[in-house]
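Below is one structure; the comments refer to it alone.
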Amino acid sequence: MVAELRRQTGKSQELLGFEAGLDRSYISLLERGLRSPTIDSLFALCPVLGLSVSQLLILTERKLEEMDARPD
């Protein structure tokens, strides 16, 4: 979800990380699902992505529901 939102804003991982005060490698790990975001990182990322933490959680929940609904 972070990668999708980042691309929609036209930002690179490096720029997103810089603007959020997070390392680019951490952004990469989040996008690949190798790390889960902390509350602090959510509050740093969301304003840069142009949404609130609650909006991000709603979007993520919808995405997960769509994935669960797909036939295997």
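The values are calculated or read from the model by the stated rules, or taken from the named source; none is laboratory data. Remember, predicted model here, so these are calculated numbers, not experimental data. Glycine gets a Cβ as well: all are built from the backbone with ideal geometry, and neighbour counts include every protein chain shown. Heads up: the accessible areas ignore ligands, DNA and RNA and are worked out on the full protein's heavy atoms, side chains in. Shrake-Rupley method; radii C 1.70, N 1.55, O 1.52, S 1.80 Å.
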Legend entry - Whichever residue in region 29-51 is among the polar types (S, T, N, Q) and either within 19 Å of residue 63 (Cβ to Cβ) or touching a residue at least 40 places away in the same chain (Cβ under 8 Å) (or both) and, among such residues, is most open to solvent (accessible area, probe 1.4 Å): 36
Legend entry - Residue selected from region 7-26 under the condition assigned to a helix (DSSP H, G or I) and open to solvent by 60 Å² or more (accessible area, probe 1.4 Å), by the criterion nearest to residue 45 (Cα to Cα): 19
Inset, instruction - Inspect all residues belonging to region 47-63 and state whether any of them is over 11 Å from the mean Cα position of the chain (by Cα), hydroxyl-bearing (Ser, Thr, Tyr) and either at pLDDT 95 or above or in a helix (DSSP H, G or I) (or both). - result: yes
